[in-house]
Structure formats: structure tokens, C-alpha cells
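The structure under discussion appears below in the form of C-alpha cells.
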Amino acid sequence: KGIMVCTPANPSGKVFSREELEAIAAAALEHDLFIFTDEIYEYFVYDGRQHLSPGAIPEIADRTITISGYSKTFSITGWRIGYSVCHRRWAEMIGYVNDLVYVCAPAPLQVGVAAGIEQLPESFYQHLRDSFVRKRDKLCAALAEAGLKPYVPQGAYYILADASRLPGRTSKEKAMYLLEKTKVASVPGEAFFHDDGGENFLRFCYAKPEADIDEACRRLRSLGGANSATGRRTSPSACRCGRKCA
Ligand SMILES: Cc1ncc(COP(=O)(O)O)c(C=O)c1O
């Protein structure tokens, strides 16, 4: 049995703090659990936050299976280059199973990723963060103006927005309404929650060229802050980020 931790998280953009990870570590020790971590967005952390790997907490290092990859950092989704870090005794067993389902990433692609890891300077990662923060802030501002209150992400590149103002019984119907009206695609919240917890959420992705983000923002704004379905007015101050959207 284990606890699954995704930091920075998809879809919420949550970045777990040291205190939160230590609380998770204490629970894992008390109940003798593995910790599986997905850290694929580790370089996408904003506003001066630091990514902290649960496996770096000494008390739980030998029970933590860290899983990550380079598809997001180097924009190479589809290359299927990932990795896992864990204690030797788990690694051997993971290797047996992995061999049955995947075998090996193509060697030339591994060489390319290795060159990226070795040669890209810190400025590459800084530029990555800066450009994604800019896109995050633009999209959050537009969502707030459209009356879709964004939960401003601390990391990763998704925004969960409150879509309660949109017509539709389910998040899927709301996503389809938005798509038809503005041609902006989102993922229905129901994809990420148990029961009906996600019905009022839509997830937006801002891993797009800045020109596309600008166009999406323009289209979202065209929706207007007034709720066409109920006549209720929502204001940009609905946004919680306290930055440009406030
Ligand atoms: C949290 C998380 N982990 C892993 C992946 C998988 O990434 P890939 O299959 O591109 O390596 C994704 C992709 O969206 C993700 O959001």
C-alpha cells in the first residue's frame, strides 16, 4: 500500500511545502506505506517557490519511489523518456515489470535527453519558469474577466477554474458549451475527481505558444463577465491570485 503524491500537481498546480511533505512522511511511517511520487513538473514552480522531492526527506527516502520524465521540461511529449529513483531493492523488481511493458526508450532519444540534462544552463530553466508565469497570469486574468474564477496554480501548467456560471448539468456539458461558444478547449473537471467533486471545474492548459494564449484570452473575454445563462454578473475580483486579475 502506498500514498501517491504529485508535486507540482496536475490538475491543481499545487506545490507541496516541506511541512506538508513531512506530514505525509509521518503518516507513511505510522502506517508503513510506500510513497509514490510523480514529479514530472518539477521545473515548473512559480513565485519563488522551490520544488522539494519527497525522496529527499531522509526518514522516508528508502520507501519513496520517485517517478519523473523529461516530456514536459524539454517539450518532448511522445519521446516516452522517463525514469524512476528508489532504493535498490525496489528498483530490481520495478525493472522486471518494466521490461514486460516497455523494454527500453529509443537510444538516440536517450542520448538527446542526456545532452539536454548535461548542457542546458540554469538560464534555460529560469526562462521556462518566466515564460510560463507570464502565460499563467494572462490566462488567469482572462478567466477571471470571463467569470470563470481561476485557482491560481503554484506550479505545473494547468489552471482549474470554477465554471459554475456556465450552462450545463455536468463539467463535460460546460466544457462543450465553452468550446462551441469560444472554440477554447478545456478538460472537464469530472476527469480528475471522485464522485461529483469536479462538476463545476474546467481545467485549462497554458503550455501553448504565447500568441495562442493571447488569442484564447481574447476569446474567453468575449464570453463577457455577465452570465448569459442567468444574467448574474461576475467580476474580475473573483480571482484569488491577488495579482493582475484582482
Ligand atoms: C502528472 C503527470 N505525470 C505524468 C505525465 C505523463 O507524461 P509523459 O507520458 O508525457 O511522459 C503527465 C502528462 O500529462 C502528467 O500530467
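The values are calculated or read from the model by the stated rules, or taken from the named source; none is laboratory data. These numbers come from a predicted model, not from an experiment. Glycine gets a Cβ as well: all are built from the backbone with ideal geometry, and neighbour counts include every protein chain shown.
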Qualifying residue in the stretch 127-144 (condition: surrounded by fewer than 16 Cβ atoms within 10 Å (Cβ to Cβ), over 30 Å from Ile76 (Cα atoms) and not assigned by TED's automatic domain parsing to the domain that holds Gly48): no
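Determine if the stretch 228-241 includes at least one residue that is at pLDDT 95 or above, loosely packed, with under 13 Cβ neighbours inside 10 Å and not aromatic (Phe, Trp, Tyr).
Here is the first cut: in the stretch 228-241, the residues at pLDDT 95 or above are none.
The answer is no, given that none of the residues of the stretch 228-241 is at pLDDT 95 or above, loosely packed, with under 13 Cβ neighbours inside 10 Å and not aromatic (Phe, Trp, Tyr).
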Conditions (1) crowded, with 21+ Cβ neighbours inside 10 Å; (2) at pLDDT below 95; (3) not β-branched (Val, Ile, Thr); number of the one not met by Pro153: (2)
Filtered residue count, the stretch 155-170, keeping only those that are in contact with a Phe, Trp or Tyr (Cβ under 6 Å, 6 or more places away or on another chain) and not aliphatic (A, V, I, L, M): 4
The stretch 86-106 residues that are in the same structural domain as Ile67 (by TED's automatic domain parsing) and farther than 21 Å from Pro54 by Cα, paired with ones that are outside any helix (DSSP H, G or I) and modelled with pLDDT of 90 or more (beta carbon under 9 Å, 6 or more apart): Asn98/Ser84; Ala105/Trp79; Ala105/Ile81; Ala105/Gly82; Pro106/Trp79; Pro106/Ile81
Residue selected from the stretch 48-81 under the condition without any contact (Cβ under 8 Å) to a residue 12 or more places away in the chain and of a type outside the set (Gly, Ala, Ser), by the criterion surrounded by the most Cβ atoms within 10 Å (Cβ to Cβ): Thr77
Filtered residues of the stretch 1-19 (kept if closer than 24 Å to Arg136 by Cα and surrounded by 15 or more Cβ atoms within 10 Å (Cβ to Cβ)): Val5, Cys6, Thr7, Pro8, Ala9, Asn10, Pro11, Ser12, Gly13, Lys14, Val15, Phe16
Filter pass, Ile159 being within 16 Å of the ligand (Cβ to nearest atom) and either assigned to a strand (DSSP E or B) or out of contact with any Gly (no Cβ under 7 Å at 6 or more places or on another chain) (or both): yes
Yes/no for Leu202 being in contact (Cβ under 8 Å) with a residue 24 or more places away in the chain, in a strand (DSSP E or B), more than 14 Å from Ala216 (Cβ to Cβ) and assigned by TED's automatic domain parsing to the domain that holds Ala144: no
Check on Glu39, at pLDDT 95 or above and more than 28 Å from Ala161 (Cβ to Cβ): no
One residue from Leu143, Leu128, Leu178, Leu148 being hydrophobic (A, V, I, L, M, F, W, C), within 15 Å of the chain's Cα centre (by Cα) and modelled with pLDDT of 95 or more: Leu128
Selection status of Ala207, within 22 Å of Tyr41 (Cβ to Cβ), in contact (Cβ under 8 Å) with a residue 24 or more places away in the chain and in contact with a strand residue (DSSP E or B) (Cβ under 9 Å, 6 or more places away or on another chain): yes
Selection count, the stretch 25-80, where residues are of a type in the set (Phe, Trp, Tyr) and over 30 Å from Lys135 (Cβ atoms): 1
Complete set of residues in the stretch 119-151 that are in contact with a Phe, Trp or Tyr (Cβ under 9 Å, 6 or more places away or on another chain) and in a loop (DSSP other than H, G, I, E, B): Leu120, Leu148
